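A short write-up of the structure that comes next.
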Amino acid sequence: MSTPVAPVSPALAVATTPTAGAFTQRGRTVRMARIRRAIGENLKKALLGQAQLTTTVEADVTRLMRLRERAKDGFLTREGVKLSPTPFFVEAAAQALKAHPVVNARINEAEETITYFDTENVGIAVDTESGLMTPVVKAAGDLTVAGIARAVHDLADRARSGHLTPDVVSGATFTISDTGSRRATPSSCHRARPRSWAWAPRSEGPESWRSGGEDLIGIRDLVHLSPSYDHRLVDGADAARYPTTVREILESAAFEDDLYPDAAT
């Protein structure tokens, strides 16, 4: 007599459902796709050719998440694209690169020189059925949050529809990989999650949580920022300064002028 098999719970079924592309390959040996080979070769070159250093800081983005929640409906009506957290992170990364140009640089092996870029071209990782794509938001440091949001939306659509061109996926001086929707941690930046946290507010204002000068405990939206560098180029002190600046920009949430342009005028 065979033993009856218990049905899989709905929650487990959802959690373990693979993507359509992965499911069709189960139990098969297939030739590696050209895009997968290229991704692998580039990743291997990066790993073997750099002295990699990763620094992680934690940012309290509660104020930013509240600002986004208030602004998202009007933003969609005005700009025609949804306001995700990504444009804020791209903006913060780009502005921090301006403050720390040593991070926005590249070693030229053959010439034994270092190029310090005068623009902030931020690559964004996009998960597609063909694999990971990294289209580039050109001159992100000169764009507003709205401009970045439109660029990210356009690039993600083009990546998922297979309409990226070589000029769109080249020229990045910095790349953001966000695996937060998959609850992975740490990564370059991951999902902001409500957590119980003890903190001392860093600034006064309408959303200040300071009470009698005492530290507080409460539920805050926290996110890890984990940038990686070539240690031959970026020293440990600069590796700490850069994400600290990104954190300060995100925690200040001073994006009202970008989100409410009519009020700014």
* Asked: Val137: at pLDDT 95 or above and within 16 Å of Arg158 (Cβ to Cβ), yes or no?
  -> yes
* Could we say that Ala94 is modelled with pLDDT of 95 or more and either more than 23 Å from Glu256 (Cα to Cα) or part of a helix (DSSP H, G or I) (or both) here? -> yes
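For every residue, the table says whether it meets (1) in contact (Cβ under 8 Å) with a residue 12 or more places away in the chain; (2) over 30 Å from Gly236 (Cβ atoms); (3) of a type in the set (A, V, I, L, M, F, W, C).
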site	(1), (2), (3)
Ala33	yes, yes, yes
Glu41	no, no, no
Lys45	no, no, no
Leu48	no, no, yes
Gln52	yes, no, no
Val57	yes, no, yes
Met65	yes, yes, yes
Arg68	yes, yes, no
Asp73	no, yes, no
* **Residue check for Ala240: assigned to a loop (DSSP other than H, G, I, E, B) and modelled with pLDDT of 90 or more** => no
* Which is at pLDDT below 70 and more than 25 Å from Arg241 (Cβ to Cβ), of Ala15, Ala38, Ala71? -> Ala15
* Structure fact -> Quick count over region 52-89, residues being over 16 Å from Glu256 (Cα atoms) and touching a Leu at 6+ places or on another chain (Cβ under 9 Å), is 7
* From (1) among the aliphatic types (A, V, I, L, M); (2) at pLDDT 65 or above; (3) more than 13 Å from the chain's Cα centre (by Cα), pick out the condition that doesn't hold for Leu250. => (3)
* To do: Quick one: in region 122-148, of everything that is closer than 16 Å to Lys98 by Cβ and among the β-branched types (Val, Ile, Thr), which residue is surrounded by the fewest Cβ atoms within 10 Å (Cβ to Cβ)?
  => Thr144
* Check Glu120, Glu129 and return the single one that is in contact with a Lys or Arg (Cβ under 7 Å, 6 or more places away or on another chain) and more than 19 Å from Pro166 (Cβ to Cβ). => Glu120
* To do: Could you look through region 40-79, keep only residues that are acidic (Asp, Glu) and surrounded by 13 or more Cβ atoms within 10 Å (Cβ to Cβ), and pick out the one that is nearest to Asp230 (Cα to Cα)?
  => Glu58
* Structure fact -> Note: among Leu259, Leu233, just one is crowded, with 20+ Cβ neighbours inside 10 Å, among the aliphatic types (A, V, I, L, M) and either within 13 Å of Ala93 (Cβ to Cβ) or over 15 Å from the mean Cα position of the chain (by Cα) (or both), namely Leu259
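The values are calculated or read from the model by the stated rules, or taken from the named source; none is laboratory data. Because the structure is predicted, anything quoted here is derived from the model rather than measured. Heads up, the Cβs are rebuilt from the backbone with ideal geometry, glycines too, and the neighbour counts pull from every protein chain shown.
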